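All remarks here apply to the structure that follows.
The values are calculated or read from the model by the stated rules, or taken from the named source; none is laboratory data. Just so it is clear, the structure is predicted and the values come from calculations on it, not from any experiment. Heads up, the Cβs are rebuilt from the backbone with ideal geometry, glycines too, and the neighbour counts pull from every protein chain shown.
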Amino acid sequence: MKFTPEKYAIADEAMKPFIDENEINEYLKNCKPTMEKVQQIIDKSLSKNRLSLEDTAYLLNAEMPEMVEAIKEGARELKKRVYGERIVLFAPLYVGNLCTNNCAYCGFKESNKKVKRETLTGNELIEQVEALEDNGHKRLVLVYGEHPKYDANFIAESVRTVYKVKKGMGEIRRVNINAAPLEIDGFKIVKESGIGTYQIFQETYHQGTYSEVHLSGHKRNYDWRLTALDRAQEAGIDDVGIGVLFGLYNWKFEVMGLLRHVNHLEAVYNVGPHTISFPRIQNALNLDIDKSSLVSNDEFVRLIAILRLAVPYTGMILTAREVKSIRDEIIRFGVSQIDGGTNIQMKGYTKKKDEQNLDEEQFSINDNRSLEEVIVELMHQGFIPSFCTACYRLGRTGEHFMEFSVPGFIKRYCQPNALLTFAEYLQDYANPETKENGYKMIDEKLDEMENDTFKHSLIKKLELIKQKQRDLYF
């Protein structure tokens with residue numbers, strides 16, 4: 001009998017659960033790839049068409065070395081075609097670690113009495129933002145525990161505070177948030193504060209595992225979390241991010257769950273997520289999980305390459321959970337955003353080295369390089385470090401972002417905007433050697449551009465930056 005997983009599929013409706021485990025498992029069971037089939041799917045992606053669940057299942061089941069290498073090479077080529085050479089940089093800032101949940105994988109679980117519970121308010125928050133600005137950051141993601149104290153009004157006020165902080169030439173131009181699910185009215189309050197992306201991770205799309213690792217607290221409600229981004233969309237937040245904590249359940253199932261989430265948002269709201277994140281389980285205080293689903297380095301590389309092919313126009317975020325060697329490899333064929341100079345301890349950006357306490361971290365950070373060290377390494381690899389926020393400032397978000405991104409506007413506009421923000425960094429924060437090498441890179445990229453009015457406009461803006469004008473973009 002012909003394989004027809006559609007018989008399992010749940011119809012997509014606003015604020016209704018949409019994950020059908022039978023559907024996902026049937027695809028994974030029945031999609032047996034050949035080399036010819038794998039190449040056909042890669043070619044489909046390189047033509048800038050998003051892959052179906054069936055297509056993705058074939059790639060997930062592609063185990064032969066030549067198939068895996070073809071997938072990775074396809075992802076590398078797709079990234080070049082769509083995103084050009086820029087990598088966007090950001091930093092996480094933990095605003096509060098109070099939490100009412102007991103999640104087996106998290107150091108901030110309510111039952112963990114070793115953690116010093118803190119919440120940044122007023123001058124404490126300003127001091128952390130000033131420290132980040134002193135290093136050159138322009139983009140932050142504010143992270144909050146799940147606690148009644150961190151309601152919509154608290155989140156909105158902290159976002160407004162961050163935007164007001166100006167030190168020297170520094171300012172934060174985009175504030176994203178990672179926070180617990182809200183009601184629609186709460187999301188409306190948060191939207192009014194001017195947030196960029198609202199991100200929330202399902203952690204695992206497998207409902208049985210979800211129940212096992214979320215022992216108590218409101219987060220135990222699988223459906224409430226699953227539909228959080230529906231409520232955000234209903235509130236007018238059209239720039240959202242999804243993610244999975246890889247290592248809780250079978251990684252192939254989780255990739256399918258992420259893609260099913262993309263399908264749902266596109267079907268109901270006509271726009272997919274702005275970003276996908278893929279943190280991988282690391283050590284944490286009192287970590288207590290079944291480790292049989294932990295993801296190896298080779299599997300991790302594969303799943304990111306497959307995701308890149310599956311969703312060509314969705315940004316992909318790789319964090320400092322991963323060691324430098326893994327970050328350097330993965331950046332080449334999938335990732336568009338990374339963090340640099342990361343510290344996830346409360347008040348961590350103003351602590352001296354002898355004041356740091358790793359036991360206060362939610363999870364382990366394995367790339368401890370400074371922002372400048374990350375930037376230097378990106379340059380060595382031929383990438384343009386970017387702090388661009390132009391699309392957000394010009395309203396190119398949500399459905400409008402898709403209108404710009406699909407025809408190739410990301411590459412046309414993002415690379416020049418990356419050069420402009422990189423020049424700002426070089427002028428205001430880089431040491432002399434980094435500044436010299438950075439401008440050499442900028443000159444090389446200008447030489448590669450067509451000699452047209454757009455290039456001349458870019459050169460003019462770069463000169464204005466040297467004259468201390470800031471925040472110039474296309």
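Structure summary
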| quantity | calculated |
| --- | --- |
| Identity of the residue in the stretch 399-431, surrounded by 20 or more Cβ atoms within 10 Å (Cβ to Cβ) and within 18 Å of Gly196 (Cβ to Cβ), that ends up modelled with the highest pLDDT | Thr421 |
| Lone unmet requirement of (1) of a type outside the set (Asp, Glu); (2) free of Cβ contacts under 8 Å to residues at least 60 places away in the same chain; (3) out of contact with any Leu (no Cβ under 6 Å at 6 or more places or on another chain) for Trp251 | (3) |
| Some residue of the stretch 300-320 being out of contact with any Phe, Trp or Tyr (no Cβ under 9 Å at 6 or more places or on another chain) and without any contact (Cβ under 8 Å) to a residue 24 or more places away in the chain | no |
| The stretch 289-308: number of residues that are assigned to a loop (DSSP other than H, G, I, E, B), exposed (fewer than 14 other Cβ atoms within 10 Å of the Cβ) and more than 21 Å from the chain's Cα centre (by Cα) | 1 |
| Flag for Asn112 being out of contact with any Ser or Thr (no Cβ under 6 Å at 6 or more places or on another chain), crowded, with 16+ Cβ neighbours inside 10 Å and either closer than 23 Å to Phe387 by Cβ or not assigned by TED's automatic domain parsing to the domain that holds Phe363 (or both) | no |
| Residue count for the stretch 192-208, restricted to those that are crowded, with 19+ Cβ neighbours inside 10 Å and touching a strand residue (DSSP E or B) at 6+ places or on another chain (Cβ under 9 Å) | 11 |
| Condition check for Phe154: at pLDDT below 95 and either crowded, with 21+ Cβ neighbours inside 10 Å or closer than 19 Å to Ile189 by Cβ (or both) | no |
| Restricting the stretch 441-474 to residues that are of a type in the set (A, V, I, L, M) and outside any helix (DSSP H, G or I), the residue that is nearest to Ile172 (Cα to Cα) | Leu472 |
| Test result for Glu63, surrounded by fewer than 20 Cβ atoms within 10 Å (Cβ to Cβ), touching a Pro at 6+ places or on another chain (Cβ under 9 Å) and of a type in the set (D, E, K, R) | yes |
| Whichever residue in the stretch 428-439 is without any contact (Cβ under 8 Å) to a residue 40 or more places away in the chain and in contact with a helix residue (DSSP H, G or I) (Cβ under 7 Å, 6 or more places away or on another chain) and, among such residues, is farthest from Phe474 (Cα to Cα) | Lys435 |
| Search result, residues across the stretch 151-185 that are farther than 24 Å from Thr421 by Cα, under 22 Å from the mean Cα position of the chain (by Cα), outside any strand (DSSP E or B) and not small (Gly, Ala, Ser) | Ile155, Pro181, Leu182 |
| Complete set of residues in the stretch 358-388 that are assigned to a helix (DSSP H, G or I) and at pLDDT below 95 | Leu358, Asp359, Glu360 |
| Residues satisfying the stated conditions in the stretch 1-29, i.e. part of a helix (DSSP H, G or I) and at pLDDT below 95 | Pro5, Glu6, Lys7 |
| Helices (runs of 4 or more DSSP H) within the stretch 188-278 that include 1 or more residues closer than 24 Å to Asn102 by Cβ and among the small types (Gly, Ala, Ser) | 207-213, 228-234, 251-269 |
| Some residue of the stretch 338-349 being among the aliphatic types (A, V, I, L, M), part of a strand (DSSP E or B) and in contact (Cβ under 8 Å) with a residue 60 or more places away in the chain | yes |
| Residue count for the stretch 1-14, restricted to those that are exposed (fewer than 15 other Cβ atoms within 10 Å of the Cβ) and touching a residue at least 24 places away in the same chain (Cβ under 8 Å) | 3 |
| Count of residues meeting criterion [in contact with a His (Cβ under 8 Å, 6 or more places away or on another chain) and modelled with pLDDT under 95] in the stretch 105-151 | 0 |
| Qualifying residue in the stretch 71-80 (condition: surrounded by 24 or more Cβ atoms within 10 Å (Cβ to Cβ), small (Gly, Ala, Ser), touching a residue at least 60 places away in the same chain (Cβ under 8 Å) and under 17 Å from Phe300 (Cβ atoms)) | yes |
| Those residues of the stretch 51-102 which are under 22 Å from the mean Cα position of the chain (by Cα) and of a type in the set (Phe, Trp, Tyr), in sequence order | Tyr83, Phe90, Tyr94 |
| Gln467 being modelled with pLDDT of 95 or more and surrounded by 13 or more Cβ atoms within 10 Å (Cβ to Cβ) | no |
